[in-house]
1. Quickly estimate the mean residue ellipticity at 222 nm for the chain, helices only: each DSSP H run with n ≥ 4 gives -39500 (n - 2.57), and the total goes over all residues, rounded to 500.
2. Could you give the dipole magnitude of the chain about its Cα centre, charging the beta-carbon of Lys and Arg +1 and that of Asp and Glu -1, in debye to the nearest 20?
3. Taking each pair of distinct Cα atoms in the range 1-120 once, what is the resulting Kirkwood hydrodynamic radius in Å?
4. How large is the translational diffusion coefficient of the range 125-184 in µm² per second when you combine the Kirkwood radius over alpha carbon pairs with Stokes-Einstein at 4 °C and 1.567 mPa s?
5. Which residue, chosen from ALA226, LEU8, THR181, occupies the Cα position most advanced towards the positive end of the dipole of the chain, where the dipole is computed from +1 (Lys, Arg) and -1 (Asp, Glu) charges on Cβ about the Cα centre?
6. Can you pull the percent of the chain's accessible area that's carbon plus sulfur, 1.4 Å probe, other chains left in place?
7. Where the centroid of each part is defined by its Cα atoms, how far is the range 173-226 from the range 78-116 in Å?
8. Against the empirical 2.2 N^0.38 Å scaling, what ratio does the C-alpha Rg of the chain come to?
Amino acid sequence: MKAGAILLCAGRGERLGRGEDKALIALGGRPLFTWSLEALQRCSAIEAIAIVGDAPHLKPALAAAGLNEARIVAWSPGGRERQDSVARGLAALPPGLDLVAVHDSARALVTPELIGRVVADAAAHGAAIAAVALEDTLKLGTLGVIERTVLRAGLWRAQTPQAFRRDWLERAHAEARGIATDDAALVEALGLRVHLTQGDPMNFKVTRPRDLELAEACLAARRAEA
């Protein structure tokens, strides 16, 4: 089965304390989005990539980072909501792709191996997402007081990439009745089952300054190991 990918690069960096596009914030000496893009390009399961974001700024940043446009087949501006951006990326992908993986560029430490596992599980099950089982004890609280302890068994933290049969994802967006925070929720709303693929704790989302600091440290550790 042929797989394409949508890389979402249209987010803003307000919570990082920056006024610029989050995708262009420096990480490890180059723009944040280039790390996810490189992982997608290195994953043999991905044949085509659509980038959703501000192409006039992203393209020069990509070239300045010394990366090429290998496998990039389309550029699309972002939408008002994340869901709108995914829909635009989906429409921009060429025909002939059986599966589509969606990834947030803010998860800059994703690996080609994780992408490949999610795509393989989507090929087998129709839909799959990277996710990590919760390990912490959970408390439900109101006004700073614990109401009760919540059982963590069966609870997972959803990540991206998330991969789906293309026809499932297109139908999910066409029939969406509200705004969802991820594509799996839209597919679930169709009554379809989504497989959980073991994710990676290091595949966290860079949202706040401390996340950026942690990502810098993780990249430094990777370089040291290499």
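1. -10500 deg cm²/dmol
2. On the way: 28 positive and 27 negative charges, 37 e Å.
Computed about the Cα centre, the dipole is about 180 debye.
3. Details: mean 1/r = 0.0707 Å⁻¹.
Roughly 14.2 Å, rounded to one decimal.
4. Details: Rh = 14.2 Å.
Reported coefficient: 91 µm²/s.
5. THR181
6. Numbers: 5770 of 11260 Å².
For the chain, the apolar C and S fraction of the accessible surface comes to 51 percent.
7. Centre-to-centre (Cα) distance: 11 Å.
8. On the way: Rg = 17.5 Å, N = 226, 2.2 N^0.38 = 17.3 Å.
Dividing the Cα radius of gyration by 2.2 N^0.38 Å gives 1.02.
The values are calculated or read from the model by the stated rules, or taken from the named source; none is laboratory data. Since this is a predicted model, take the numbers as computed values, not measurements. Glycine also receives a Cβ, built like all others from the backbone with ideal geometry; neighbour counts cover every protein chain displayed. Note: areas computed on protein heavy atoms with side chains; ligands, DNA, RNA excluded. Shrake-Rupley method; radii C 1.70, N 1.55, O 1.52, S 1.80 Å.
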